[in-house]
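Undergrad: Shown below is the structure under consideration.
The values are calculated or read from the model by the stated rules, or taken from the named source; none is laboratory data. Bear in mind the structure is a predicted one, so any value in this text is a computation, not a measurement. Quick reminder, even Gly has a Cβ in these numbers, built from the backbone with ideal geometry, and neighbours come from all protein chains shown.
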Amino acid sequence: MRELEIVRKFSDPLTCHPFDERIADKAAELRAILVKQGNLIGPYDLQIAASALELRLTLVTHNLKEFARVPGLPLEDWES
């Protein structure tokens, strides 16, 4: 039970946004742009990027090489 309490204490303040039709549309639009540029990223990264863009959030990641291909996506690397 102790582990569950720790996880809940960490996750309770977080907001979980659903992957809805609006974000799916953004992902499709973004995929088309990246394919045209020859810079396609992985499908899960595409969904993450589309979510951040649509929700107007900064994406915190250490995977800058992949996500830097996404135009207009604000990025922060807290590991470096």
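Undergrad: Within the stretch 38-58, which residues are in contact with a Leu (Cβ under 8 Å, 6 or more places away or on another chain) and aliphatic (A, V, I, L, M)? It would help to see each step written out before you state the result.
TA: First, the residues of the stretch 38-58 that are in contact with a Leu (Cβ under 8 Å, 6 or more places away or on another chain): 40-41, 46, 48-53, 58.
Within the stretch 38-58, 40, 41, 46, 48, 49, 50, 52, 53 meet the criteria.
Undergrad: Return the residues of the stretch 29-63 that are of a type in the set (Val, Ile, Thr) and assigned to a loop (DSSP other than H, G, I, E, B); say none if nothing qualifies.
TA: 41, 58, 61
Undergrad: Kindly list the number of the only condition in (1) surrounded by 12 or more Cβ atoms within 10 Å (Cβ to Cβ); (2) in a loop (DSSP other than H, G, I, E, B) that fails for residue 66.
TA: Of (1) surrounded by 12 or more Cβ atoms within 10 Å (Cβ to Cβ); (2) in a loop (DSSP other than H, G, I, E, B), only one is false for residue 66: (2).
Undergrad: Hey, another quick one. List the pairs whose first member sits in the stretch 4-17 and is under 20 Å from residue 48 (Cβ atoms), whose second member is part of a loop (DSSP other than H, G, I, E, B) and of a type in the set (A, V, I, L, M), and whose Cβ atoms are under 8 Å apart, counting only residues at least 6 apart or on separate chains?
TA: The qualifying pairs are 17/55.
Undergrad: Return only the number of the condition from (1) at pLDDT 95 or above; (2) loosely packed, with under 11 Cβ neighbours inside 10 Å that residue 19 does not satisfy.
TA: (2)
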